[in-house]
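What follows is a short report on a single structure.
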Amino acid sequence: VCLTCCSRDVMVKIDQICHKNSVKFFTGDVFGYHGYMFADLGEHEFVEEKTKVTKVSSGVEDGPDTKKAKLDSSETTMVKKRVVFCQLKEALAVDWSGEKAKAALKRTTPDYFLLQ
C-alpha cells in the first residue's frame, strides 16, 4: 500500500492494518524542498553475498600486517539475514530524552523535526 498527501492519523491507521495483515506499507509527501518517506515492510528476509575472510598463516609473512585478516575475493558465501521494520506509530513516538535516543539525535537531520 502506498499513501501520499494523507493526514498523520490516516497514515498510522492504515499502517496498523497493513502491519497486522503482513502487507508492505509506504508513505511519503513533499513540501517544497522538504519531504519524507516511510516504509514498513514488516519482517523482511533476504540473502547477502559476503566475501570470505582468510587468516594468514604465522610463518609465511613477516611485518606489521601479518596479524591482519585478508579478504579472499575469489571465495564468497551467502548469508541469510532478517530485518524487522517498526510501525509508523512507533517511529513517530520516539522519546528523545533517553540515552539511546541522544546518540541517534546526532545522526538525525533537522528536517525530521520540521516535518513533525
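A short reminder: the numbers here are calculations on the coordinates, not readings from a lab. None of these values were measured; they are calculated from a predicted model.
Check which residues have an amide H placed less than 5 Å from L3's amide H, if you skip close sequence neighbours.
Close amide H contacts, sequence-distant or interchain: F26, T27, G28.
What fraction of the Cα pairs in the stretch 1-58, stated in percent, has a spacing above 15 angstrom?
When every Cα pair of the stretch 1-58 is considered, 61 percent fall beyond 15 Å.
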